[in-house]
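What follows is a single structure, written as structure tokens, with notes after it.
The values are calculated or read from the model by the stated rules, or taken from the named source; none is laboratory data. Values in this document were obtained by computation on a predicted structure and should not be read as measured data. A quick note on method: Cβ atoms are made from the backbone with ideal geometry, for glycine too, and the neighbour counts reach across all protein chains shown. SASA here: full protein model, heavy atoms, side chains in, ligands and nucleic acids out. Shrake-Rupley method; radii C 1.70, N 1.55, O 1.52, S 1.80 Å.
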Amino acid sequence: MDHPVLSNPRAERVKAVRALTGRSARSRHGRFLAEGPQAVREAVAAGAALELYTTAEAARRYPGIVDGAPKVWTVTDEVLAAMTDTVTPQGLLAVCPTATADLDDVLATHPRLVAVLDKVRDPGNAGTVLRAADAAGADAVVLTASSVDVFNPKCVRSTAGSLFHLPVVVGVPLEEVVTALQRSGSTVLAADGEGEHDLDDLADEAARGTAGHLDLRRRTAWVFGNEAAGLDEAGRSLADAVVRVPLHGRAESLNLATAAVVCLYASARAHRDPRPEPRRAGG
């Protein structure tokens, strides 16, 4: 199928697409960019690709992606470079709506595993945690009002398409998120290197069936804090417990994304337990 061709990197459409690399334009138009074969494939599969821009070479390499998009333009390498903020564009670029989920709607589904990011400012870290949450089978990700814009191009790239796989809630204060999760029956665990509870101990207790009120087999939400400062005291005090990932070697600490992977997979493994899920106290 022949598609309209864009060859002028100074065309108004090219400028409009490029503007979406900035937060103000994304907010104003309610759209963001997904770049590269993996992210664009997932956007098309989710029905989220409003427009698709492809080089002729990419169209030949990925016909299944291109044919699934509703509106397609063929662009030159120069035009694609003018549309994105990446050094080496990968031939495919999709414009998608900045659709986010409502916290109440997410909680109405009784999610078993939720990742909450508070004051996480680096888009690469936020995207990596979102990807890890998707891989661990989480039901939703929440970014508090003080966290990075999840539609930042670097964040979108770091999710590797996972942004289109699970509900993402944004812009809610941490206290409101935690209170709503607890009221809905989830145990809220704050991940912190100085936590009172050891994650390995909790995992062992869950496996043996000897866990007390902190049973990883329950519906759980993990809260992860800022890359440098972690969760502040106010954030830690909101949680049902503060949990540390044990360090068995000589490393001083784990970075945010690595700690999130360990915590989320500990919950995911516990949730595979065939025994009935224990009820939350008062739930």
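Per-structure values
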quantity: Of all residues in the range 89-116 being part of a loop (DSSP other than H, G, I, E, B) and open to solvent by 50 Å² or more (accessible area, probe 1.4 Å), the one that is farthest from Val178 (Cα to Cα); calculated: Gln90
quantity: Test: residue in the range 176-185 that is open to solvent by 30 Å² or more (accessible area, probe 1.4 Å), among the β-branched types (Val, Ile, Thr) and out of contact with any helix residue (DSSP H, G or I) (no Cβ under 7 Å at 6 or more places or on another chain); calculated: yes
quantity: Which listed residue is surrounded by 20 or more Cβ atoms within 10 Å (Cβ to Cβ) and not aliphatic (A, V, I, L, M), from Gly225, Gly212, Gly249; calculated: Gly225
quantity: Hits in the range 61-94 - residues which are touching a His at 6+ places or on another chain (Cβ under 9 Å) and of a type in the set (A, V, I, L, M, F, W, C); calculated: Val66, Val72, Trp73
quantity: Counted residues, the range 146-167 - those being open to solvent by 10 Å² or more (accessible area, probe 1.4 Å), in contact (Cβ under 8 Å) with a residue 60 or more places away in the chain and in contact with a Ser or Thr (Cβ under 7 Å, 6 or more places away or on another chain); calculated: 1
quantity: Lone qualifier among Gly193, Gly171 - being assigned to a loop (DSSP other than H, G, I, E, B), open to solvent by 30 Å² or more (accessible area, probe 1.4 Å) and either under 24 Å from Pro97 (Cβ atoms) or small (Gly, Ala, Ser) (or both); calculated: Gly193
quantity: The listed residue being open to solvent by less than 70 Å² (accessible area, probe 1.4 Å), without any contact (Cβ under 8 Å) to a residue 24 or more places away in the chain and not in a loop (DSSP other than H, G, I, E, B), out of Ala39, Ala25, Ala58; calculated: Ala25
quantity: Residue within the range 42-53 that is in contact (Cβ under 8 Å) with a residue 40 or more places away in the chain and over 21 Å from Arg157 (Cβ atoms) present; calculated: no
quantity: Check on Arg275, buried (at least 18 other Cβ atoms within 10 Å of the Cβ), touching a residue at least 24 places away in the same chain (Cβ under 8 Å) and more than 19 Å from Val129 (Cβ to Cβ); calculated: no
